[in-house]
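**Q** Here it is, the structure, as structure tokens.
FYI, it's all coordinate maths here, none of it is from the lab. The model shown is predicted, which means the values in this text are computed figures rather than measured ones. We place every Cβ from the backbone using ideal geometry, glycine too, and count neighbours over all the protein chains shown.
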Amino acid sequence: MKAKPCIASLTVKHSHVFPPDTNMHGTLFGGKLMSHIDDVAAIAATRHARRQVVTASTDSVDFLHPVKEGDVIILEAFVTWTNRSSMEVFVKVITEQLITGERKVCATSFITMVALDEEYRPTDVPGVYPESEEEKWLHEDAARRAEIRQERRKRSKELARTFGTDFPWKEASRLD
């Protein structure tokens, strides 16, 4: 498979923030923003792999600035790094107040997507290469982020075993 530049997967999505999208403070629900982030990351990853994809991991969603009702959010996503079947996608979210034109980066995120074959099994993806200085900066740290993801996944499996479906919530039941 021929490697592709990061920019080939660039995906940009705009969305209004309406009253039902907001909490009691008049700001965008975090979960609503996370849904937008997952969607734009999936589009970028699909564009790169030209395969169906699923979300394997959300490394982080860092909320940096509130998004208010009436604002527009602009999400920009692109593949920064690939492994055999997985792709790391960087997502930047900008809030824009349309009347004043004021814009701020309100969130950043790293999402890992996995490409699937016709039987929904992980399948190979093309490599990716950075061109701009910013892409190179993200690409250089990607292997380290992948190691952190693997370690976190191991810990999550331990937590799942420890707090499995039969975990006895004896202490919690005393609170009733």
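**Q** Run the simple label-point estimate for residue 159 and residue 10 please: 7 Å along Cα→C-beta, distance reported in nm.
**A** Modelled inter-label distance: 3.6 nm.
**Q** If you don't mind, there's one more thing I want to ask. Loop only per DSSP, at most 10 neighbouring Cβ atoms within 10 Å: give me the trypsin sites (Lys or Arg not before Pro) in region 72-130, ordered by residue number.
**A** 84
**Q** Tell me which trypsin sites (Lys or Arg not before Pro) from region 40-69 have a DSSP coil assignment and no more than 14 other beta carbons within 10 Å of their own. Write out the running numbers ahead of the final one.
**A** Numbers: sites: 47, 50, 51, 68; in loops: 50, 51.
Loop-located and lightly packed - 50.
**Q** Please work out which option in (1) 1.19; (2) 1.02; (3) 0.96 gives Cα Rg over 2.2 N^0.38 Å calculated from these coordinates, and answer with its label.
**A** It is the one labelled (1).
**Q** Where does the longest stretch of the chain lie that holds no chymotrypsin sites (Phe, Trp or Tyr not before Pro) found in a DSSP loop with 13 or fewer other Cβ atoms within 10 Å?
**A** Looking at the chain, 1-119 is the longest stretch - no exposed chymotrypsin sites (Phe, Trp or Tyr not before Pro) with at most 13 other Cβ atoms within 10 Å.
**Q** Which residue, chosen from 54, 130, 97, occupies the Cα position most advanced towards the positive end of the dipole of the chain, where the dipole is computed from +1 (Lys, Arg) and -1 (Asp, Glu) charges on Cβ about the Cα centre?
**A** 54
**Q** With r as the distance between the Cβ atoms of residue 169 and residue 39 and R0 = 45 Å, compute the FRET efficiency 1/(1 + (r/R0)^6) and round to 0.05. Kindly include the intermediate steps, with their values, before the conclusion.
**A** Working: r = 35 Å, r/R0 = 0.77.
The pair residue 39/residue 169 has a calculated efficiency of 0.85.
**Q** Pick out, in residue order, every one of the GluC sites (Glu not before Pro) in region 1-103 that is DSSP loop and has at most 11 other C-beta atoms within 10 Å; say none if there are none.
**A** Hits after loop and neighbour filter: 102.
**Q** Pull up all non-local amide H partners of residue 123: gap of 5 or more, or a different chain, and H-to-H distance under 5 Å with H placed in the peptide plane.
**A** Residues meeting the amide H criterion: 115, 116, 117.
**Q** Run down the lysines and flag those whose C-alpha is under 16 Å from the C-alpha of residue 32, throwing out any fewer than 8 positions away in its chain.
**A** List returned: 13, 68, 92.
**Q** In a shell of Cβ-Cβ distance under 12 Å around residue 146, excluding residue 146 itself, what net charge do Lys and Arg (+1) and Asp and Glu (-1) give?
**A** On the way: positive: 84, 144, 145, 149, 152, 153; negative: 59, 88, 141, 147, 151.
Once all neighbours under 12 Å are counted, the net charge is +1.
**Q** With both partners inside the chain, how many of the DSSP beta bridges are antiparallel, as a percent to the nearest 5?
**A** Within the chain, antiparallel bridges account for around 95 percent of the total.
**Q** With a Förster radius of 25 Å, plug the Cβ-Cβ distance of residue 3 and residue 52 into 1/(1 + (r/R0)^6) and report the FRET value to the nearest 0.05.
**A** 0.75
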